[in-house]
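Engineer: One structure follows; several queries about it will come next.
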Amino acid sequence: MIDVRAFSVGPIQENAYIVRSSPQAKGALMIDPGEEPGRLLEAAKALGAEVEAILITHCHFDHIGAVAPIAEATGAPVYCPEIEVGVLADITKWTMPGFGPFESWQAEHTVKGGERLRLADLDIEVVFTPGHSPGHVTYAIDGALLSGDVLFQGSVGRVDLPGGDWVTLERSIGSLMERYEREAVVYPGHMGVTTLGRELDTNPFLSELRAAAMVRES
Ligand SMILES: [Fe+2]
């Protein structure tokens, strides 16, 4: 059973995660460090964890604002969606007025979906899940989904930002539903933890996926 710790950071209350293979493990992933780098580094230290890699689901500023200081402090390589590396590399240009300032970073590695990574003693599947942003990926780790702003408890990622598209997002959510178990725990980029099954049954934005699933089951 993997150990997942959530930290809601910054004014947009984005969820950053520290993920390890067990509560005793030293090696850790830092996922979507969006703000408050000092707090996240302290949290890792308090857990006795060493950040071995920084994974990014997508490059909206609320998810990447603390990437540079954490990469600098830990020396951990950054994995970034391929078609969004330019945002991480020029973060100020993409930050809404009133937020930041944030420091840009050149990602050491890019992902586009379809990769299997072995980091911090964890097997990680990278799944392409665009729709909220054009390069968005989900990290599937031991059956759990670190899914950024794809799917929330009772809601979905917004599609009104540049590169957003509802049909694409719905297809991405559908592909997660088909690929993973109903019991798969979803650790989203905002708000609380949920499961794929719970959202398929109750999420008001997923009525068409729900209808399609009922047809498949009948
Ligand atoms: Fe986002």
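Engineer: What FRET efficiency comes out for Phe99 versus Ser22 if R0 is 41 angstrom and r is the Cβ-Cβ distance? Round to the nearest 0.05.
Structural biologist: 0.70
Engineer: Based on DSSP H runs of at least 4 residues, each adding -39500 (n - 2.57), what is the mean residue ellipticity at 222 nm of the chain after dividing by all its residues, to the nearest 500 deg cm²/dmol?
Structural biologist: Helices in the chain give a 222 nm mean residue ellipticity of -7500 deg cm²/dmol.
Engineer: Using +1 on the beta carbon of Lys and Arg, -1 on that of Asp and Glu, and nothing else charged, what's the dipole of segment 115-196 about the Cα centre, debye to 20?
Structural biologist: For segment 115-196, the charge dipole is close to 100 debye.
Engineer: Using only Cα atoms and rounding to the nearest 10 degrees, what angle (0 to 90) does helix 37-47 make with the longest principal axis of the chain?
Structural biologist: On a 0 to 90 degree scale, this one is about 90.
Engineer: Packing-wise, with mean Cβ within 10 Å as the measure, how do 69-80, 97-108, 46-57 rank, highest first?
Structural biologist: 46-57, 69-80, 97-108
Engineer: Still on this structure, please answer the following. How would you classify segment 160-218 from its alpha-carbon gyration tensor, with a ≥ b ≥ c the square roots of the eigenvalues: rounded for a/c under 1.5, else prolate if a/b is greater than b/c, otherwise oblate?
Structural biologist: Oblate is the answer for segment 160-218, as a/c is 1.5 or above yet b/c matches or exceeds a/b.
Engineer: Moving on. Counting alpha carbon pairs within less than 8 Å and at least 6 residues apart, what relative contact order, in whole percent, applies to the chain?
Structural biologist: Relative CO of the chain lands at 14 percent.
Engineer: Using Cα-Cα distances under 8 Å and only pairs 6 or more residues apart, what relative contact order does segment 47-114 have, in percent?
Structural biologist: Result for segment 47-114 is 34 percent.
Engineer: Counting DSSP beta bridges with both partners in the chain, what percentage is antiparallel, nearest 5?
Structural biologist: Restricted to the chain, the bridges split so that about 70 percent are antiparallel.
Engineer: Specify which residue in the list Thr92, Ile173, Val193 is farthest towards the positive end of the charge dipole of segment 92-218, using unit charges on the beta carbon of Lys, Arg (+1) and Asp, Glu (-1), about the Cα centre.
Structural biologist: So the residue furthest toward the plus end is Thr92.
Engineer: Just to make sure I understand: if all protein chains stay in place, what is the order of Ser8, Ser133 by accessible area at 1.4 Å, largest first?
Structural biologist: Ser8, Ser133
Engineer: Quick one: ranking Val185, Val137 by accessible area, 1.4 Å probe, largest first, what do you get?
Structural biologist: Val185, Val137
Engineer: Moving on. Please check the chain for the longest run free of trypsin sites (Lys or Arg not before Pro) that are loop-located per DSSP (anything but H, G, I, E, B) and have at most 15 other Cβ atoms within 10 Å.
Structural biologist: In the chain, the maximal stretch lacking such sites is 27-111.
Engineer: Select from segment 118-188 those GluC sites (Glu not before Pro) which occupy a DSSP coil region and have at most 12 other Cβ atoms within 10 Å, ordered by residue number.
Structural biologist: Sparse-neighbourhood loop GluC sites (Glu not before Pro): Glu181, Glu183.
Engineer: Moving to a separate point now. Please label the shape of segment 91-218 as rounded, prolate or oblate, based on the square roots a ≥ b ≥ c of the eigenvalues of the alpha-carbon gyration tensor (a/c under 1.5 means rounded; beyond that, a/b larger than b/c means prolate, else oblate).
Structural biologist: It comes out oblate by the Cα gyration axes.
Engineer: Could you please state, rounded to a whole Å, how far the C-alpha centre of segment 1-38 is from the C-alpha centre of segment 72-141?
Structural biologist: Here the two parts' Cα centres lie 15 Å apart.
Engineer: From the C-alpha coordinates alone, can you work out the Kirkwood hydrodynamic radius of the chain, in Å?
Structural biologist: 17.2
Engineer: Taking Cα atoms, how many degrees apart are the long axis of helix 207-217 and the longest axis of the chain, rounded to 10 and kept between 0 and 90?
Structural biologist: The two axes meet at around 60 degrees.
Engineer: Right, here's the next one. Only four residue types carry charge here, +1 at the Cβ of Lys and Arg and -1 at the Cβ of Asp and Glu. Report the dipole size of the chain about the Cα centre in Debye, rounded to the nearest 20.
Structural biologist: 220
The values are calculated or read from the model by the stated rules, or taken from the named source; none is laboratory data. All of these numbers come straight from a predicted model, not from anything done at the bench. Every residue, glycine as well, gets a Cβ built from its backbone with ideal geometry; the counts of neighbours run over all protein chains shown. Accessible surface areas use protein heavy atoms only, side chains included; no ligands, DNA or RNA. Shrake-Rupley method; radii C 1.70, N 1.55, O 1.52, S 1.80 Å.
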